[in-house]
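Read the structure below first, then the notes.
The values are calculated or read from the model by the stated rules, or taken from the named source; none is laboratory data. Note that this is a predicted model, so its numbers are computed, not measured. For neighbour counting, all protein chains shown are included, and Cβ atoms are generated from backbone atoms with ideal geometry for every residue, glycine included. Accessible surface is based on the protein model in full, side chains and every heavy atom, while ligands, DNA and RNA are left aside. Shrake-Rupley method; radii C 1.70, N 1.55, O 1.52, S 1.80 Å.
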Amino acid sequence: MSEKARRLFDALDLDQDGTLTRAEVIGALRSKGPTLAAQGAIPFWGVGDTEDSSALFDAADQNGDRVLSFEEFAAVVDRRFGW
């Protein structure tokens, strides 16, 4: 798993519990997305709307438990963002 995925996961994990919920992913990308893109933590084209953030969550939630582990998250963002 990439270090970029780890930094992005940690930035989106608003309650710092080691998992991501749909609300965290959507809320954090909406509020922090442009800043994260400017810092190089996410590609500018990766900052989308609520629908895009929700689709990212759905693609990563491979076991359907409605929370993302780092491993689930990293597998999708590493592939999607070309890390």
* To do: Kindly check whether there is at least one residue in segment 37-44 that is in contact (Cβ under 8 Å) with a residue 12 or more places away in the chain, surrounded by 15 or more Cβ atoms within 10 Å (Cβ to Cβ) and not in a loop (DSSP other than H, G, I, E, B).
  => no
* To do: Select from segment 72-83 the residues that are assigned to a helix (DSSP H, G or I), of a type outside the set (A, V, I, L, M) and at pLDDT below 95 and list them in ascending order.
  => D78, R79, R80
* Determine if segment 51-64 includes at least one residue that is out of contact with any His (no Cβ under 9 Å at 6 or more places or on another chain), crowded, with 16+ Cβ neighbours inside 10 Å and of a type in the set (F, W, Y). => yes
* **Qualifying positions in segment 50-71 - part of a helix (DSSP H, G or I) and either closer than 15 Å to D10 by Cβ or among the hydroxyl-bearing types (S, T, Y) (or both)** => T50, S53, S54, F70, E71
* Can you tell me which residue in segment 18-36 is least open to solvent (accessible area, probe 1.4 Å), limited to those that are more than 14 Å from L56 (Cα to Cα) and either basic (K, R) or in contact with a strand residue (DSSP E or B) (Cβ under 9 Å, 6 or more places away or on another chain) (or both)? -> T19
